[in-house]
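What follows is a set of notes on a single structure, which appears directly below.
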Amino acid sequence: MAQLNISRRTMLIGGGAAGVALAGGLLTGRLSGASREQDLGPEPPSTPVVGVFDTSTDQQLLAPTALMNTTVVQSFAFDDTRGDLYAVQIVQGGLWLDDEPDQLTSAERSVNGDLCVTRVPVSGNGKTEYMYLRGFGHGVSIGVEPTRSGVWLWTESDADPKTGYGRAVARVPFKAGTTLDSDDPSVRHHRPSPGSVANQPVLDLVGDRVMVSYWTTGKPAQQWYSVYRRDEFVAGRYQELHAVRQVGRKASETFQGCTLFGDHVYQLAGTAYTDEDGRNPPSSKGNTRLSAIDLRTGETAGRARVYAASGLAHREPEGLAVQVTDQPRLCAGFAVGESGDRTLTVHAFRQV
């Protein structure tokens with residue numbers, strides 16, 4: 001759930017009644033066979049295999065864990081060389097960072113695009129560290145690129161002052177205990193799709209690729225996934241390897257993150273539990289769903305309802321990432337716990 005109570009990924013882009021919600025709108029596909037409307041109609045038959053991962057092989061990877069801030073986690077990614085997880089949140093309201101003249105509310109932090117990144121040692125070795133990124137975006141997805149001395153963070157950047165979502169992509173070093181502003185001269189803003197909004201990067205180190213999820217501002221607005229060679233992207237050469245429009249997620253389902261592995265884009269959707277009288281009660285085990293898009297065809301490559309962590313309080317799906325081990329795992333994050341004291345839990349699904 002967003003700190004700005006306009007619903008976190010249903011904030012209007014483009015302004016006015018003509019704006020299209022990030023989580024909704026008629027968002028369709030780019031390649032042949034993918035021009036159908038986004039809304040799938042009646043729920044299709046459940047299939048546990050989505051892309052190349054089996055959602056029936058649920059395993060808790062990270063027990064509910066506190067992050068640096070108490071806000072809802074937005075997304076996460078792994079440093080598989082060191083066994084660390086990096087999670088991103090909107091900065092909590094009332095926090096007073098260095099050089100700020102006043103305390104800001106959670107709503108102001110959200111619109112500003114102020115983020116907190118927490119490094120969590122999943123293995124239990126080492127200490128939790130954090131960094132603040134002001135004016136970068138909403139944190140819908142991030143990437144982590146390990147180096148000998150640390151990591152580069154891939155994140156949206158140049159937050160739109162009307163929405164708080166990034167209009168560009170940046171690659172910045174994680175420096176524990178520091179604050180970095182999006183307009184700092186050291187930050188290079190990549191704009192592979194000029195004029196787009198809600199730019200959100202994903203890093204695929206196995207394929208040495210970068211994927212950017214973004215939205216067009218036409219009518220209707222459309223969500224795209226574009227894939228690039230990592231080194232070419234860093235050099236500012238934005239030649240697409242693949243480009244597909246979003247399919248496989250119903251218009252009524254709230255987008256909660258994406259990732260890339262092999263030939264597939266993976267998408268996470270769903271909302272937090274309501275009370276038992278609401279539309280998403282705990283007794284239903286939630287409305288979280290995973291889907292995949294085949295980059296080669298633009299077609300949906302599996303769609304499944306996910307019951308992982310269904311017995312936990314709150315349970316809002318937040319973020320999707322692939323952990324590259326001997327057997328790669330698709331990992332879904334969930335914000336759990338009471339308001340003002342949210343924590344992160346991560347559940348993993350094995351490759352078939």
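Coordinate-derived values only; no laboratory data. What you see is a predicted model; the values in this text were computed from it and never measured. Glycine gets a Cβ as well: all are built from the backbone with ideal geometry, and neighbour counts include every protein chain shown.
About its Cα centre, the dipole of the chain is roughly 780 debye, where the only charges are +1 on Lys and Arg Cβ and -1 on Asp and Glu Cβ.
Length gain on complete extension for the stretch Trp96 to Ser310, per 0.36 nm per residue less the alpha carbon to alpha carbon distance?
73.5 nm
Within a straight-line Cα-Cα reach of under 26 Å, Lys127 can be paired with the following lysines, leaving aside sequence neighbours fewer than 8 residues apart in one chain: Lys175.
The mean sequence separation of alpha-carbon pairs under 8 Å and at least six residues apart, normalised by the residue count of segment 15-350, gives a relative contact order of 21 percent.
Could you tell me which label, among [x] 6, 25, 32, 24, 11, 3, 0; [y] 4, 15, 24, 24, 16, 9, 5, 3, 1; [z] 6, 28, 38, 24, 4, 0, carries the value of P(r) over Cα pairs in 10 Å bins from 0, in percent calculated for this structure? Given [x] 6, 25, 32, 24, 11, 3, 0; [y] 4, 15, 24, 24, 16, 9, 5, 3, 1; [z] 6, 28, 38, 24, 4, 0, the structure-derived one carries the label [z]. For the options Pro194, Pro282, Pro328, a Gaussian network treatment of the chain with springs between C-alpha atoms closer than 10 Å singles out Pro194 as fluctuating the most. Backbone phi angles across segment 71-80, fed through the Karplus curve with coefficients 6.51, -1.76 and 1.60 (θ = phi - 60°), yield HN-Hα couplings of 6, 5, 5, 9, 6, 7, 7, 10, 9, 6 Hz in residue order; Gly and Pro are listed as x. Between the residues Ser193, Val247, Gly278, the greatest Cα displacement towards the positive end of the dipole of segment 155-282, with unit charges on the Cβ of Lys, Arg, Asp and Glu, is found for Ser193. If the segment from Ser149 to Asp326 were pulled out straight at 0.36 nm per residue, it would be longer than the present Cα-Cα gap by 61.4 nm. A protection proxy built from the mean count of other Cβ atoms within 10 Å ranks the segments 186-192, 94-100, most packed first, as 186-192, 94-100.
Based on DSSP H segments of at least four residues, each scored -39500 (n - 2.57), the chain has a per-residue ellipticity at 222 nm of -1000 deg cm²/dmol.
Taking Thr274, Thr179, Thr71 as the candidate residues, the one with maximal mean-square fluctuation in a Gaussian network model of the chain, Cα springs under 10 Å, is Thr274.
A protection proxy built from the mean count of other Cβ atoms within 10 Å ranks the segments 210-217, 299-306, most packed first, as 210-217, 299-306.
In terms of packing, defined here as the mean over residues of other Cβ atoms within 10 angstrom, the peptides 73-82, 46-55, 119-128, 146-155 line up highest first as 73-82, 46-55, 146-155, 119-128.
Applying 1/(1 + (r/R0)^6) with R0 = 30 Å to the Cβ-Cβ distance of Ala66 and Gln239 gives a FRET efficiency near 0.10.
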